[in-house]
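Heads up: the structure comes next, in structure tokens.
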Amino acid sequence: MRQVAFTTLGCKVNQFETEVMEGLFKSRGYEVVSFDRQADVYVINTCSVTNLGEKKSRQLIRRASRQNTNAVIAVAGCYSQISPDQVAQIEGVDVIVGTQDRARIVDLVEAVLANNRTVQVNAVADIMQASEFEDIPLFSIPGRTRAFLKIQEGCSNFCTYCIIPYARGPLRSRALASIAVETEKLVNAGFSEVVLTGIHLGAFGRDLSLDGKEISLVDAVDAVLTAGNKGLKRLRLGSLESIEVSESLISLMQTDPRLCLHLHLPLQSGNDKILKAMNRHYTTSEYRDLITGIKSRLPGLAATTDIIVGFPGESEELFESTLAFIRTMAFAKIHVFPYSRRTGTPAARLPGQIPEFEKKRRVQQLQNLADVQSRTFCESFIDRELDVLMETSEPEGVISGLTGNYIRVYTCGAQESIGQIHPVRLERLYKDGLWGRMI
Ligand code: SF4
């Protein structure tokens, strides 16, 4: 039996796509082995979101090639989509696919094998012309407690710091019928929680709307909840743009307890001047009003966010205003990123680039504030009972999992509880979340 090994860089969407490709290889009789092992085929699913992501992608391609000089090396993902010629020049690379046409990856690899690796196949096409969601069914279900389901591809927001629209192309959505079919597969495989993901999830359905009939994310959510009627316990939404959270989505979150009380809404900066320079289409006060309104209707909601610090032109004063704005919010979690100067984006050419040491200092300062807000959010649930989906086995008989509102909970429990939802009485702060007692 031929062996194939995968490695993945980057976001949840990339991880999902690796799992889909693993399924394709398995369905053709390949054994999936760890990336450290000798394999006949290596697939490197690359990332291009930062210059560092590309560097790491190149390192992993070279590492695979050194591990087995006879193996077929296939490179997929955002880096190969953006820079196929660069990838083609790396020694040992046999197959290059970008962010579409992954359904053909096994055929492409086998074509190279049939030719004893004497030909290189470059299947990267112009992604800006892509018009359909590449619907690859799940052939094998990954063994985890939460299943990710990608329902949307592409982005046309063109934030000035981001290369993704050029790597992923225009908006494309998975058909509602396909979402229902994939959900049923995941539920039948025993998953309690499905997480909907996409590159620009809030734009789901825009390309499907027809003859005045609008299709939106709420329709996708509805499709999952209906298809999951026989066993889906939780549905979580991936990252959404704040201005795309609709009234109907909030109403659905109020009425269907399976929808997790968790919204990840990237803010990116707490300063309006920087938001404008980033080409983000909201102001800080609009963002705050929106979150305040949602929280008043959904008590217990975890609002989590992303912030980029050290964007070009972010003076000390502007950074201080971001800190001041965030102090007025109560985020359950903040992912803090230093601005990364990505070649090919408008922001990379802006004046006022911030030195790395200064970005590092700002990350630390904001991280301290983020930690305080996380603790405050967790503390507000002490002495309460929440359902926890157990996910991970920790040392010394401890297991941990997540509540619907994204608090990590640790408790004493048996291995058999993993994958199940248990009510837990929350007792005290512990590590990055709370310690509790299973009821
Ligand atoms: S919304 Fe902005 S940050 Fe997100 S993928 Fe699109 S361009 Fe990039």
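Converting phi to 3J(HN,Hα) with the Karplus coefficients 6.51, -1.76 and 1.60 and the offset θ = phi - 60°, region 325-338 yields 5, 5, 4, 7, 9, 9, 6, 7, 7, 10, 8, 9, 10, x Hz in sequence order, with x at every glycine or proline. Note that region 128-260 presents 40 Å² accessible area per residue, ligands and nucleic acids not counted, probe 1.4 Å.
A helix-only calculation puts the chain at -10000 deg cm²/dmol for mean residue ellipticity at 222 nm, using -39500 (n - 2.57) for each DSSP H run of at least four residues, averaged over all residues. Kirkwood radius and radius of gyration were both taken over the C-alpha atoms of the chain, and their ratio Rg/Rh is 0.96. Nonpolar atom fraction for region 1-153, defined as the carbon and sulfur part of the 1.4 Å probe accessible area, stands at 45 percent.
Would you mind counting up the charge near residue 50? Only other residues with Cβ under 12 Å from its Cβ, with Lys and Arg at +1 and Asp and Glu at -1. Around residue 50, the surrounding residues sum to +3.
Classified by the C-alpha gyration tensor, region 20-60 has an oblate form. Its axis ratio a/c, with a ≥ b ≥ c, is 1.5 or above, and a/b does not exceed b/c. At full extension, residue 414 and residue 189 could sit 78.9 nm farther apart than now, given 0.36 nm per residue minus the alpha carbon distance. Solvent exposure of region 385-438 amounts to 46 Å² per residue of accessible area, where only protein heavy atoms count and the probe is 1.4 Å. Comparing 194, 309, 121 in a Gaussian network model of the chain where C-alpha atoms under 10 Å apart are linked, the largest mean-square fluctuation is found at 121. Oblate is the label for region 161-212, because a/c, from the alpha-carbon gyration tensor with a ≥ b ≥ c as root eigenvalues, is 1.5 or above and a/b does not exceed b/c. Hey, rough spin-label estimate for residue 2 and residue 315, points 7 angstrom out along Cα→Cβ, what's it come to in nanometres? Going by the 7 Å Cα→Cβ label model, 6.1 nm.
Look at the alpha carbon pairs under 8 Å that are at least 6 residues apart: their mean separation over the length of region 3-125 gives a relative contact order of 22 percent.
Highest mean packing comes first when the peptides 73-86, 201-214, 267-280, 406-419 are listed by Cβ atoms within 10 Å, giving 73-86, 267-280, 406-419, 201-214.
Normalised by the number of residues in the chain, the mean separation of alpha-carbon contacts (under 8 Å, six or more apart) gives a relative contact order of 10 percent. The relative contact order of region 356-439 comes to 27 percent, based on Cα pairs under 8 Å that sit 6 or more residues apart. Within the listed set 223, 64, 324, the Gaussian network model of the chain (springs between alpha-carbon atoms below 10 Å) gives the highest mean-square fluctuation for 324. From the largest down, region 157-278 spans 48, 31, 28 angstrom on the principal axes of its Cα atoms. Summary of packing: across the peptides 343-353, 13-23, 379-389, 40-50, the per-residue average of other C-beta atoms within 10 Å ranks them, highest first, as 40-50, 13-23, 379-389, 343-353. Here region 263-380 exposes an accessible surface that is 58 percent carbon and sulfur, computed with a 1.4 Å probe and the other protein chains kept in place. For region 190-232, backbone nitrogen atoms closer than 18 Å to the point 7 Å from residue 251 Cα along Cα-to-C-beta are found at 213-226.
Of the GluC sites (Glu not before Pro) found in region 27-132, those in coil by DSSP whose Cβ has at most 15 other Cβ atoms within 10 Å are 91, 132.
Loop-located trypsin sites (Lys or Arg not before Pro) in region 35-96 (DSSP state other than H, G, I, E, B) with a sparse environment of at most 15 neighbouring Cβ atoms within 10 Å: 37. Largest mean-square fluctuation among 59, 152, 89, in a Gaussian network model of the chain whose springs join Cα atoms under 10 Å apart, belongs to 89. Shape analysis of region 331-406 places it in the prolate category; the axes a ≥ b ≥ c from the Cα gyration tensor give an a/c of at least 1.5, with a/b above b/c.
Of the cross-linked pairs 230/431; 26/360; 26/213; 12/213, those separated by over 32 Å at the C-alpha level are 230/431; 26/360; 26/213.
The values are calculated or read from the model by the stated rules, or taken from the named source; none is laboratory data. Quick caveat, the model's predicted, so the values are computed rather than measured. Cβ: placed from backbone, ideal geometry, glycine included. Neighbour counts: every protein chain shown. Note: accessible area is taken over every heavy atom of the protein model, side chains too, but ligands, DNA and RNA are not part of it. Shrake-Rupley method; radii C 1.70, N 1.55, O 1.52, S 1.80 Å.
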